[in-house]
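These notes are about the structure you will find just below.
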Amino acid sequence: GTTQQVCDASVGANNTIHFTVKNGSWLQFATAGSFLQSAGNFTLEASARLGIRSTDGITSSGSNGHIRVSGSRSYNSGADYDYNGSALQNTGNGLPSAVRNLTINNSNGVTLTSANNPTGTLALDNGIVATGSNVLTLGSSINSTGTLSRNNGHINGTFRRWVASAATSNILLPVGTGSSYNGFTVSFSAAPIGGLLSMVFQAGYPGNNGLPLTDDTEECSTIGAYGIWTLSGSKAFNGG
């Protein structure tokens, strides 16, 4: 079925049961303690959707998280993953490094277990994504830059997104700290050579490092004491 189907299982199956979330289906776990367990396999197909509430997210092995089968666990990079728990969540080591769509909807936040790259849509509905030493990247190329949907969430750490070779306005980099949102918007009046833009915000007095800076007769020679945005380009990004 294409409508949300809820799994509230809290005991394992006795037999070798194989679980498959089919293409176009949407499986939502009811609580943080709900799980699927058997001696069989678990498969999340491409274009399927998984709603995750466990504080351990989804795992590649072991008895933590929602998926606890002792057979193989296959999480497709072309699937959609929703983190919508009610306590602080880890994404888990089962989350593929690239996914189709990633949704964050947890007021207590989500922590990346490893780097992640939603190639389709990144939806920041609610809560802070803490990247730690990892990086969250949106899009896959200058021709497939992905879609950002932000309601009331942001990224505490390093965020990258692909930028097209076009004069595009209002490219949002929704960064901040563990307690505040400090988003940064970039607009191009002339097309750059597209690539990756990377952004991180750091609170605290940054000093005068790099200043004064003159850009088309405008000089910036002082800086506020609250924090600093660090913006950089890669993957051939230049100009504009």
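Filter the stretch 18-68 down to the residues that are outside any loop (DSSP other than H, G, I, E, B) and β-branched (Val, Ile, Thr), then identify the one that is most open to solvent (accessible area, probe 1.4 Å). The selected residue is THR20. Filtered by the rule that a residue be of a type outside the set (A, V, I, L, M) and open to solvent by less than 60 Å² (accessible area, probe 1.4 Å), the stretch 162-182 gives TRP162, THR168, PRO174, GLY176, THR177, GLY178, SER180, ASN182. Only residues that are under 20 Å from SER54 (Cα atoms), within 11 Å of the chain's Cα centre (by Cα) and open to solvent by 30 Å² or more (accessible area, probe 1.4 Å) were counted across the stretch 114-129, and they come to 3.
Please verify whether VAL186 is surrounded by fewer than 20 Cβ atoms within 10 Å (Cβ to Cβ), out of contact with any helix residue (DSSP H, G or I) (no Cβ under 6 Å at 6 or more places or on another chain) and within 28 Å of ASN105 (Cα to Cα), treating the condition exactly as stated. Against the criterion (surrounded by fewer than 20 Cβ atoms within 10 Å (Cβ to Cβ), out of contact with any helix residue (DSSP H, G or I) (no Cβ under 6 Å at 6 or more places or on another chain) and within 28 Å of ASN105 (Cα to Cα)), VAL186 qualifies. Would you please list the contacts, defined by Cβ atoms under 7 Å and residues six or more apart or on different chains, that run from a residue in the stretch 105-125 that is over 23 Å from ALA46 (Cβ atoms) to a residue that is charged (D, E, K, R)? Note: pairs meeting the criteria are LEU124/ARG150.
The values are calculated or read from the model by the stated rules, or taken from the named source; none is laboratory data. What you see is a predicted model, and the numbers here were worked out from it, not measured in a lab. Methodologically, a virtual Cβ is constructed for each residue, glycine included, from the backbone with ideal geometry; neighbour enumeration extends over all protein chains shown. SASA here: full protein model, heavy atoms, side chains in, ligands and nucleic acids out. Shrake-Rupley method; radii C 1.70, N 1.55, O 1.52, S 1.80 Å.
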